[in-house]
Every structure is written in C-alpha cells, then in structure tokens.
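Participant: My questions all concern the structure below.
Rule-based calculations on the coordinates, nothing more; no lab input. Being a predicted model, the structure only gives us computed values, none of them experimental. Positions of Cβ are generated from backbone atoms using ideal geometry, with glycine treated the same way; all protein chains shown enter the neighbour counts.
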Amino acid sequence: MTTKKKISKKDIGKLLGIWSQWFSVLVPSKEENVAKMVGWDGKDVSFLVWYRNTVVPPKANFLPPVEKMFSFQQNRHGYHVEVPQDEQKRLIFGIRPCDARGITMIDKVFVETYEDCYYLSKRKNTVLIGLSCTNPYDSCFCTSLGVKPTESADVDLMFTDIGDEFLIEEVTDKGKELLASAGMVKEATKADDAKAKTVQATVSGMVIRKVDTKDIARKLQACFSDRDYWEKVAAKCISCGVCTFLCPTCFCFDICDELVKKQGARYRGWDSCSFRLYTKMPMENPREEKWRRVRQKVCHKYQFYPMNFDVAACTGCGRCIRLCPVNWDVTQILSSLPASVTSRGDK
Amino acid sequence: MERKSEWEPAIAGFLCKWCSYAGADLAGTSRKKYPANVRVLKVPCSGRVDPLLILKALRLGFDGVLISGCHPGDCHYQAGNYRARRRIALTKKLLEYIGIPEERVQASWVSASEGAKFAQVAADVAKDIEKIGPNKLFAEEGR
Amino acid sequence: MEQELRKEARKLLEEGKVDHIIGFAPGSLKFSTTPLITKEKEEVASLVINRFMVNNLAKFLTEIPGRVGIVAKGCDGRSIVSLIQDNQVVRENVVIIGVPCSGLIDIAKVEKLVGKDRDEIDDIALQGEKVTVTVDGKRKDFPAKEVFFEHCLGCEFSTPQEHDTLIGERVAAVGHEELNRKRIKELKDMAPKQRWAFWKEQFTRCIRCYACRQVCPACFCERCFVEESQPQWVSPVPKWQDNLVFQVIRNIHVAGRCTDCGECERVCPQNIPLRSLSKEMSDLVDEMFHYKAGTDKNAPSLMTAYEHAEAEDLFR
C-alpha cells in the first residue's frame with residue numbers, strides 16, 4: 001500500500017540538505033554539457049528546470065566503468081590481499097523510471113542469480129529517489145517495454161511533478177523512513193493525487209516512439225539464421241561500445257590484473273559484445289563478423305534475456321538511438337523484422 | 001660520480017643495435033665515465049621506436065626517454081632512422097602541447113664509433129631531465 | 001541536387017558499375033542523417049544532401065567488398081584518398097560521387113544557443129550567412145558561423161578534389177581561421193601544468209567506448225594497440241592515465257591521415273574535446289612536413305616519406 005505525500009518545489013533544497021546528514025547525495029548535473037549524476041554541492045537545485053535524463057545511466061553507480069576488485073602485495077608469507085570496502089551510504093535523487101527498472105533488471109543477474117559482493121554492497125547502501133518524467137525525448141520508447149515514464153515500482157520514493165509541488169509516493173519502507181524527519185513534507189490531498197494521475201497519463205502519451213513488442217522473441221527466433229538480413233541490419237554499425245555502455249541494462253565486464261614488481265591490483269571494467277574481440281578465444285572468434293555481433297545484441301536483449309528472466313533486457317530509455325554515432329535505431333529494426341526465413345542458413 | 005640529491009632521473013634509452021648500442025658499448029670499453037641514469041633497451045633500429053614505447057615509458061614513471069640511432073644516411077635498414085625522425089618530431093611537439101615538457105623526450109644520432117659522444121649525450125640528457133624534475137605526471141590514481 | 005545524386009547512384013547500380021552505394025539517408029532523429037549502404041536501386045531514392053550529413057562514409061570502404069559508389073564531401077573525400085595512399089582501397093574499385101559542401105550545422109551548438117534539445121526545435125534553416133532557428137513557433141536568427149562545426153569554419157577543401165562525378169557546383173567553404181582553432185589557442189595560452197591538468201580532467205571522464213576510434217576511417221588496424229595483451233600497453237579498463245595514452249597515441253598513429261572531419265569529437269558521448277588534439281596534430285604535420293592529408297593520391301603517405309634533412313634541430 002502506498003500512501004501519498006507532497007512537498008513544495010521550493011523546499012527540495014532543504015530536503016536534500018536533511019538527507020545530506022546521513023547520505024552522500026547524488027543529483028543530476030552538467031559537466032561539459034553532459035548530464036550526469038554527481039555529488040550534490042549543497043545548494044544548486046537548478047537541475048529541476050533543465051533535467052531530462054543523464055548520458056551515462058545510474059547503473060554506473062552500482063557497476064562503475066572501472067572498479068578495483070582487490071590489491072595485492074607480495075610479502076614473506078605469500079600475498080597480502082586487500083579488498084576495498086565500500087559501505088558509503090548514498091542517495092540518488094532524480095533517477096528516471098527507465099533507469100530504475102534497469103537496475104532491477106541487473107539485480108536479476110548480480111543479486112538473484114549470483115551475489116556479486118561489489119554490486120551488492122553498493123546496492124544495499126543506496127537509496128533510489130525516482131523522479132517522474134515530464135518531458136520524454138523523441139527517442140524514448142519505454143511504454144513499449146512495459147515501463148511507464150511515471151513508473152514507481154523500482155524506486156524507494158517516487159516524486160511526480162504536479163506544478164509548484166511534487167507528489168511523493170512512498171514505495172518501500174526505506175523510502176518511508178526518509179520522510180519521517182522531513183517537516184516540510186505534507187499529506188497530499190485527493191486533488192493532488194488526481195492531478196498526478198492526469199500528469200501521468202499526459203506524459204505517457206508524450207512517448208511517441210512505439211514498437212510492437214508482441215511476439216518479438218518468436219520473430220527473432222524465426223529470422224535467426226537469415227544471414228543476408230542481419231548483414232543488411234548490421235551494415236552501418238561501426239562496432240563501438242556506445243549503445244552497450246550507455247544502456248541501463250547492459251552489464252558485461254572484463255577483468256584485468258596489473259602487476260608491477262611485487263604488487264598490483266585486479267580491476268573490473270565495462271566490456272561490450274559489440275567489440276570485435278569480445279568473443280576472441282585462443283583458437284577462434286565465434287563473432288568475428290559484425291553481423292553476428294549485431295544479431296547477438298538484438299537477440300540477447302529481446303529473445304534470450306526474456307527466455308531466462310521473462311522480461312526484455314531493455315527499458316526503452318532511447319540512449320542507444322540518441323547517442324549512436326551512425327543513428328542505428330533498434331526500434332526501426334524491431335518494427336521491421338522479416339516475416340519469414342530466406343534461403344542462406346548459417347548458425 | 002657524486003650524488004647530488006636524493007632523486008636520480010630514470011631514463012629509458014632506446015638504442016639502435018647497429019650504431020648507438022655499439023657506441024654505448026664502446027663508451028664502456030673505452031672507460032668513459034658517464035652517469036648511470038640511462039636504462040638501455042636495445043632495438044634493432046631507431047625506426048622500431050613507436051611513439052607508444054615513449055608514452056609507455058613515461059606512463060610507467062620514467063623521467064625521460066632517449067632514442068638514439070644511426071646518423072641520417074647510415075641506417076642499417078636504409079631509411080628506418082628517417083621514419084624515426086618524423087615520428088619523434090611529432091611526438092615531442094604533441095607532448096609539449098598536452099603539458100609534458102618536450103625535453104623529457106630526447107633523441108640523438110650516435111654511430112658505433114662515437115663512444116665519447118654517447119657518454120656526453122647520456123650526461124647531457126641526465127642533466128636536462130634533472131632540471132625538469134621527477135615525472136609525477138601519471139602518478140595520481142584518478143579512479 | 002538530391003535528384004541528380006539519386007539519378008547518378010541509380011545509374012551506377014543499374015549499369016553494374018558498382019555493387020554497393022554508400023551515401024546519406026535521413027536519420028530517425030530530427031536534423032540527423034544516417035549512412036545508407038545498399039545494393040538495391042530502389043533504396044537510393046532516400047539519398048539526401050543537407051546541412052546535417054556529418055558521417056565520414058570513407059570508414060565503410062575498408063569493410064564493404066567489391067566496387068562501391070560513395071558520396072563524398074570535401075573532408076571524407078580526402079579520407080578516401082588517404083586510404084588509397086595507404087593501399088587500403090583500390091582507386092579503380094571506387095566511384096567517388098563528389099558533393100561540394102560549404103559547411104555543416106552542429107546541432108549541439110544550436111541546442112546550446114537556444115537552450116533547447118534537438119527534439120524540441122521545430123526548424124533550422126540556413127539562408128546565406130544567417131541561420132533561422134524556430135522553437136515553439138518563435139524564430140531566432142544567428143550568424144552562420146555560430147552554428148557551423150568548428151572544423152567546417154576553417155575548411156580548405158570544401159569540394160572533393162578526387163572525384164568521378166560532381167553533384168552541383170564547386171563551393172567555397174565558410175572560412176574562419178580564428179574560430180577554427182579557438183580551443184587550441186586557449187590551451188596554448190595556458191601554462192604546461194594547467195594544460196596537463198585540463199587533459200587529465202578530460203580523460204577522467206572517458207569511458208573507453210572507442211566511438212572515436214571506430215568512427216575514424218584512418219583507424220583501420222586489424223588489431224589496435226589497446227587490444228594487445230602481450231605486452232599490455234594500456235589498461236583495458238578506463239583509468240585516466242591509460243585513456244590519455246590511448247588518445248595521444250591514436251592521434252600520433254593517424255598523423256598525416258586525419259582529415260579533420262571532426263567525427264571523433266562529435267561522437268564522443270562525454271563531449272571530450274578530441275578535435276583539440278587531432279587538429280593540433282594535423283597542424284603540426286603541415287607546419288613541420290608541409291603535408292596535408294589526402295590531397296594527392298599518388299603521394300607517399302606522411303610516415304613513409306622523408307626528406308634528407310628535416311627536423312634536425314630536435315636531434316643531438
């Protein structure tokens with residue numbers, strides 16, 4: 001059961017200030033005109049005016065682009081290994097529903113299937129404060145993937161813009177606790193609730209890009225062997241890592257050890273199935289050709305992940321479309337999957 | 001050699017096998033005294049020196065890099081040193097542009113018979129690098 | 001002009017002179033184009049020529065087999081020549097359809113000027129030296145030089161010199177030397193320590209997506225130095241030191257082959273000013289060796305050529 005509260009937009013700074021006592025607060029900010037989540041400076045809330053979404057999704061706060069797994073030092077008795085402990089309590093203010101859903105998706109692999117200690121310690125020490133969308137991009141297509149731009153299922157508190165105020169939905173107990181000491185948070189009225197529902201309906205209607213996701217897994221299975229089709233689909237892709245790195249649900253990583261004399265460290269960093277050498281092994285590279293990698297990316301997201309977890313590995317955030325160097329558009333691909341298989345079969 | 005200070009420059013020296021390495025060897029057999037700052041790395045030709053080697057040396061913490069090869073016209077492989085010349089020139093200037101003093105990367109032509117010249121080059125380069133100071137550019141862990 | 005281009009492309013396919021056509025088609029986002037790579041003559045009907053055709057199509061020449069008809073602006077035209085000089089492309093296998101270009105509009109600059117994102121802008125229209133941007137029905141004018149890409153503002157080769165056909169008339173570029181090197185000049189006015197701090201800060205934001213490398217036609221190595229593990233030259237994970245080494249070395253490796261198309265800087269998702277490195281490199285190449293990339297297909301490439309006496313002042 002969720003109960004509704006509200007807060008005046010003017011008091012957001014004060015609220016963040018209260019939370020700053022117990023958490024390291026992250027808010028949207030711009031660096032070199034690139035929107036990202038950064039530590040709040042204590043006063044600037046101008047993001048409430050310009051913020052649409054970040055370039056790098058908040059998954060980077062749980063699975064960073066580079067992370068030290070442990071450092072080691074050789075000594076008389078063998079090796080001394082030190083694992084960095086990250087118990088910092090953080091609060092991310094302003095996470096969008098698509099990105100929050102992305103975190104829930106990644107949880108399926110990093111928490112439910114296997115307990116990744118680095119991810120877990122960040123996950124349990126972080127509170128997610130969602131901010132409903134008011135101005136979706138033309139590249140957004142969340143509604144086609146079962147995510148509303150006002151979806152509150154994946155956050156602890158959800159803020160919805162109802163004019164001069166935010167309606168606050170308490171989604172989890174963690175979220176409820178956060179409001180306990182905030183005096184400026186009031187009870188919402190029925191009228192406020194109704195206003196929020198109107199806003200939610202309006203914003204959902206603003207998501208104009210749509211993909212018919214019915215039967216996508218089956219359609220992909222049907223054309224899997226159609227090499228000619230996939231070569232055409234892959235033709236303009238340049239095999240960089242932008243789409244995968246900026247995807248809220250992508251989580252592939254690489255590990256490397258660095259050693260100088262008798263000490264070193266093991267690092268984990270982002271990897272991408274789009275890179276040519278992603279699948280390189282000593283004797284062969286199963287995805288040497290670009291069309292295989294492009295096929296893999298589409299099928300992993302819309303066929304294999306649903307097979308394993310009953311949900312597509314995509315939340316329709318649209319970053320892959322917005323930031324692709326060649327404007328390769330997955331919604332165009334999904335909307336034009338061939339109805340039948342053609343002759344040349346290949347695995 | 002008198003130790004002047006705590007820190008002594010560490011210089012990565014890429015010496016071409018046919019001329020400069022032999023020249024350095026001659027400096028040794030001729031008992032020429034010169035500072036021990038240059039760590040010698042033998043390469044088949046100065047043309048083998050990819051700017052990547054220079055940057056990697058600086059990245060690892062070397063205070064300076066010396067590339068030494070045959071005189072123009074005398075390269076064992078005809079034109080390797082000409083290629084090196086273009087590469088080193090561009091590398092020095094680009095490094096200066098990003099904030100690495102170009103004097104950290106030095107180059108010389110030393111032939112197999114120029115033992116004395118090599119000793120002088122090693123001493124001069126060490127002095128130059130000492131003046132610039134230790135290379136802490138890549139030291140800090142940003143992440 | 002678009003009709004002429006589509007006719008020419010269709011003719012090339014119909015007459016069997018080429019197997020593929022590579023050109024620009026409208027993108028799925030406003031004010032964008034996307035590369036069109038096709039064997040089908042019907043599809044060339046979507047070829048466009050506009051002020052947003054940013055992609056450097058020469059990139060695809062090293063992977064599309066057979067004979068190719070390729071649309072080329074001035075900068076990508078030089079990239080094609082550069083690839084011919086490097087023996088990556090056979091001149092006889094390419095039909096270069098030259099499209100004179102007097103400059104492209106940088107949507108990021110427009111967004112900054114009007115304070116709105118691309119999808120919130122109604123229209124962008126260029127008329128002579130003036131650009132009219134319409135937002136919510138309201139029009140605002142800006143001088144063209146404020147919205148063109150920096151690399152377009154100093155373009156010396158607006159019409160591809162090497163071509164088989166030319167669509168339209170030769171044009172002069174929107175020359176503006178000062179604006180072309182604005183950021184580089186700002187950096188050169190800083191002290192070395194400040195410059196290092198600047199680049200260190202920039203590369204702390206790099207996530208090693210390799211968009212810059214992948215979009216560059218000059219980066220055609222089968223195995224890039226970052227992919228070597230025996231020995232490992234740069235860390236595969238994005239530590240700032242290795243990000244910096246990667247980008248600096250990439251620039252030196254493409255020296256003499258970079259035609260300042262500006263794609264590396266445009267595609268960077270972290271807005272790192274990569275062109276401030278690549279433009280300085282091509283300036284150094286011109287200054288020291290009097291060489292401009294891709295201007296003569298019969299000339300040896302920069303790093304394979306040499307004069308008997310040059311740069312001697314840098315050697316002991």
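Participant: Using only alpha carbons, build the gyration tensor for the stretch A:248-297 and give me the equivalent ellipsoid semi-axes, biggest first, whole Å.
Facilitator: 27, 15, 6
Participant: What Kirkwood radius, in Å to one decimal, follows from the Cα pairs of chain A?
Facilitator: 22.0 Å
Participant: Taking amide H positions as placed 1.01 Å from N in the peptide plane, with prolines and chain starts having none, which residues 5 or more places from residue B:107, or on another chain, fall under 5 Å of its amide H?
Facilitator: B:67, C:316
Participant: Here is a follow-up. Just A:105, A:281, A:184 to compare: in a GNM of chain A, with alpha carbon springs under 10 Å, which one fluctuates most?
Facilitator: Maximum fluctuation in the GNM of chain A, among the listed residues, is at A:281.
Participant: Before rounding to the nearest 500, sum -39500 (n - 2.57) across all DSSP H runs of length at least 4 in chain C and divide by the residue total; then give [θ] at 222 nm in deg cm²/dmol.
Facilitator: Counting only the DSSP helices, I get -9000 deg cm²/dmol.
Participant: A further question follows. Using a 10 Å cut-off around each Cβ of peptide C:197-209, what is the average number of partner chain Cβ atoms that fall inside?
Facilitator: Per-residue shielding by partner chains comes out at 5.
Participant: Of the residues C:48, C:81, C:226, which exhibits the maximal mean-square fluctuation in a Gaussian network model of chain C defined by a 10 Å Cα contact cut-off?
Facilitator: Comparing C:48, C:81, C:226 in a Gaussian network model of chain C, the most mobile one is C:226.
Participant: What are the semi-axes of the equivalent ellipsoid for the stretch A:4-206, taken as the square roots of 5 times the Cα gyration tensor eigenvalues, largest first, in whole Å?
Facilitator: For the stretch A:4-206, the semi-axes come out at 33, 19, 16 Å.
Participant: What average count of beta carbons from other chains do you get within 10 Å of the Cβ of residues in A:232-244?
Facilitator: Averaged over the peptide's residues, the number is 6.
Participant: Only loop residues by DSSP count here, and only those with at most 15 other Cβ atoms within 10 Å; note down the GluC sites (Glu not before Pro) in the stretch A:25-84 that meet that.
Facilitator: Those satisfying the criteria are A:32.
Participant: Taking Cα pairs under 8 Å and at least six residues apart, what relative contact order does chain A come out at, in percent?
Facilitator: 21 percent
Participant: Which percent of the Cα-Cα distances in the stretch A:216-335 go past 18 Å?
Facilitator: So the pairs more than 18 Å apart make up 57 percent of the total in the stretch A:216-335.
Participant: Sum -39500 (n - 2.57) across every DSSP H segment of at least 4 residues in chain B, then divide by the residue count to get the 222 nm mean residue ellipticity, nearest 500.
Facilitator: Value at 222 nm, helices only, nearest 500: -13000 deg cm²/dmol.
Participant: So if we plug the beta-carbon distance of residue C:189 and residue C:92 into 1/(1 + (r/R0)^6) with R0 = 51 Å, what FRET efficiency do we get, rounded to 0.05?
Facilitator: 0.60
Participant: Next question, about the same structure. What is the distance, in nm, between label points placed 7 Å from the Cα along the Cα-to-Cβ direction at residue A:177 and at residue A:80?
Facilitator: Calculated label separation equals 3.5 nm.
Participant: For chain C, just give the cysteines left without a disulfide-compatible partner, judged by no other Cys Cβ under 4.7 Å.
Facilitator: Cysteines lacking a close Cβ partner in chain C: C:101, C:152, C:155, C:206, C:209, C:221, C:224, C:258, C:268.
Participant: Just to be sure I understand: with springs between alpha-carbon atoms less than 10 Å apart, which residue in A:270, A:291, A:50 has the highest mean-square fluctuation in the Gaussian network model of chain A?
Facilitator: Evaluated over chain A, the most mobile residue of the options is A:50.
Participant: Would you list the membrane-span-like helices of chain A, meaning whole DSSP H runs whose alpha-carbon atoms span at least 30 Å along their axis and whose mean Kyte-Doolittle value is at least -0.5?
Facilitator: Span-like helices here: none at all.
Participant: For chain C, with the dipole built from +1 on Lys and Arg beta-carbon atoms and -1 on Asp and Glu ones, taken about the Cα centre, which of C:203, C:220, C:253 lies farthest toward the positive end?
Facilitator: C:203
Participant: Write down the percent of antiparallel bridges among all DSSP beta bridges whose residues are both part of chain A, to the nearest 5.
Facilitator: If I count the DSSP bridges inside chain A, around 80 percent turn out antiparallel.
Participant: In percent, how large is the relative contact order of the stretch C:107-147, given Cα pairs closer than 8 Å and 6 or more residues apart?
Facilitator: 32 percent
Participant: I need the P(r) histogram for the stretch A:61-148: all alpha carbon pairs, bin width 5 Å from 0 out to the longest distance, whole percents.
Facilitator: 3, 11, 17, 18, 15, 12, 9, 5, 3, 2, 2, 1, 0
Participant: Take the Cβ-Cβ distance between residue C:123 and residue A:208 as r, set R0 to 30 Å, and report the resulting FRET efficiency rounded to the nearest 0.05.
Facilitator: 0.95
Participant: Report Rg/Rh for the protein assembly as shown, rounded to two decimals, where Rg is the Cα radius of gyration and Rh the Kirkwood radius.
Facilitator: Dividing the radius of gyration by the Kirkwood radius yields 0.99.
Participant: If you take the Cα Rg of the stretch B:11-132 and divide it by 2.2 N^0.38 Å, with N the number of residues, what do you get?
Facilitator: So the Cα radius of gyration is 0.98 times the expected 2.2 N^0.38 Å.
Participant: With the crude spin-label approximation of a point 7 Å out along Cα→Cβ, what separation in nm comes out for residue B:29 versus residue B:127?
Facilitator: The modelled label-to-label distance comes out at 2.8 nm.
Participant: If you average the sequence gap of Cα pairs under 8 Å that are 6 or more apart and divide by the length of chain C, what percent do you get for the contact order?
Facilitator: The value is 16 percent.
Participant: Additional query: Please report the projected area of chain C's Cα convex hull averaged over all directions, in nm².
Facilitator: In nm², the orientation-averaged hull projection of chain C is 18.5.
Participant: Span-like helices, chain C: DSSP H, alpha-carbon axial extent 15 Å or more, mean Kyte-Doolittle 0.5 or greater, which ones?
Facilitator: Qualifying helices: none.
Participant: Which value in deg cm²/dmol, rounded to the nearest 500, describes the helix-derived mean residue ellipticity at 222 nm for chain A, given -39,500 (n - 2.57) per DSSP H run of n ≥ 4 and division by the residue count?
Facilitator: Helix contribution divided over all residues of chain A: -8000 deg cm²/dmol.
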